[in-house]
Amino acid sequence: MTTYRYEFDHKAKKAVCPSCGQRRLRTYIDTKTGEPVDHKYGVCDRIHSCGYHFYPENPEPYISKQMNQPIKRTDWRCPPEVVAATQHSAGNVFAVWLVSLLGDHARNALRAYRVGTYPPSQRFPGFAGAMVYWQISHDNLHRTGKVIPYHPNGKRVKELGSKWIHHMLYGKGMDELGIGQCLFGEHLLFARPEAEVCVVESEKSAIICSIFYPDKVWVATGGSENFSVEKCIALQGRKVWVFPDVGMREKWSEKAIDIEVMCESLHVSDVLEAMGAPEGSDLADMLMWEQDGGYINAIAAQGVGLFPKKRESELDLSGADKHKPINGSTPISLCIVDEFTDEAQGLVPGTIANLMKELRPTTFTFSEPDKQRQRIDAWSAAVAAPVSPAQELLNRPMVKLLVDTLGLDTENYKVLPHEPH
């Protein structure tokens, strides 16, 4: 999570804005001294009519041009018959892939986001079975939909790219039709008004992350440039966590300054960089596929997951093991299993063996201050016997070491029979 010297003083009452004269100014606090700064510094939360922002380290205040530009909101909605034509799952390549991995949890997530399947078309033959990510706004109507084809392994068909369904049908752009975009998953914000909100870039990531962390509402901007005040209006008054793709954190942190004004709180996470995630990867990649662990072992050992009580800058990462395992790499899902099993209420039904089987064989690597690098082939240890009682399995030395390292609560765990691949 990015740390700034000056942050909003959430305990203080709003001050009078020097620009518009209204008591709508959110003031800053100096995190080094704990003292509030002069009330000429702050951000006016009259987002569209004032836009005053004076950061303590800036030489002079400025009025955000973006704030003063009227936001285009239109009444155009996708015709119901078009939406209805996509409301079937038969042949949806992405849905088949996700359900094969996560079963009913995937089905429930796809149903919640009300995604569609692009039907066979003579004009766009390569898009038959493509995912339609509908943008459904607060009025519960469909503004437009992004159509993305996938390979059976869950990867995008990059040669075809993506298309907007309104353009596929009418050959017109958003401005021409008068379409105002919204966040993917925005309709879920109004269904769960008290839940904390997580923002990611891709629609696919929002769906996958919602399965692993169902207590949060996951929304997607649909592109790195779409993390903006205009598109994030629905986040007003919410507690927000932002997870940029690797390489976009600095840019999104800058944009977050304007967006934070309208939120109860907003935190831009740098957990992916702390893990050593490769450039361009996102949170869903770290949850679904094996990646190099980087700092994740040191972070997990100090009790910090995606929603840390500590800031990453406060962690001791001096002993972090950045060595790439010999026989594979560490899936982030294993490292934070103690976090998401509780929150997902049985997503991985309390079984170490089942977890390791579903996430594929891997070598788990970790560091300890007084020991050489140790490697645990946890998967092999867990499934060495065709059937093993839970306590016997958990008492095996290597598995016990894995369990102790992750701090897992094994009281209610059970072990599933191993099915050879």
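Each reported figure results from applying straightforward, stated rules to the coordinates on display, with no laboratory input. Model, not experiment: these values are computed from the prediction. Heads up, the Cβs are rebuilt from the backbone with ideal geometry, glycines too, and the neighbour counts pull from every protein chain shown.
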Problem set entry | Simple label model, 7 Å out from Cα along Cβ direction - Asn153 to Trp76, nm | 3.8 nm
For this session: Would you mind checking which residues have amide H under 5 Å from Cys17's amide H? H placed 1.01 Å from N; only 5 or more apart, or other chain.
Result: Gln22, Arg23, Arg24, Leu25
For this session: Please give the net charge around Val115, taking every other residue with its beta carbon less than 13 angstrom from that of Val115, where Lys and Arg add +1 and Asp and Glu add -1.
Result: +4
Exercise. For Glu7 and Arg107 in one chain, what is 0.36 nm times their gap in residues minus the Cα-Cα distance, to one decimal in nm?
Worked result: 32.0 nm
Exercise. If you count, for each residue, the other Cβ atoms within 10 Å and average over each peptide, how do 87-99, 175-187 line up from highest to lowest?
Worked result: 175-187, 87-99
Exercise. Taking a label point 7 Å from the Cα of Leu160 along the Cα→Cβ vector, which residues of the stretch 82-114 have an amide N closer than 11 Å to it?
Worked result: 92-94
Problem set entry | 20 Å reach of a label modelled at Arg123, 7 Å along Cα-to-Cβ, counting backbone N of the stretch 140-164 | 142-150, 160-164
For this session: Within the set of other residues whose C-beta is less than 10 Å from the C-beta of Ala195, count the net charge using Lys and Arg as +1 and Asp and Glu as -1.
Result: +1
Seminar exercise, completed: For Lys255, Lys163, ascending order of other Cβ atoms within 10 Å (fewest first) is Lys163, Lys255
Exercise. Which of the pairs Lys158/Lys255; Lys231/Lys251; Lys155/Lys231 have their Cα atoms more than 22 Å apart in this structure?
Worked result: Lys158/Lys255; Lys155/Lys231
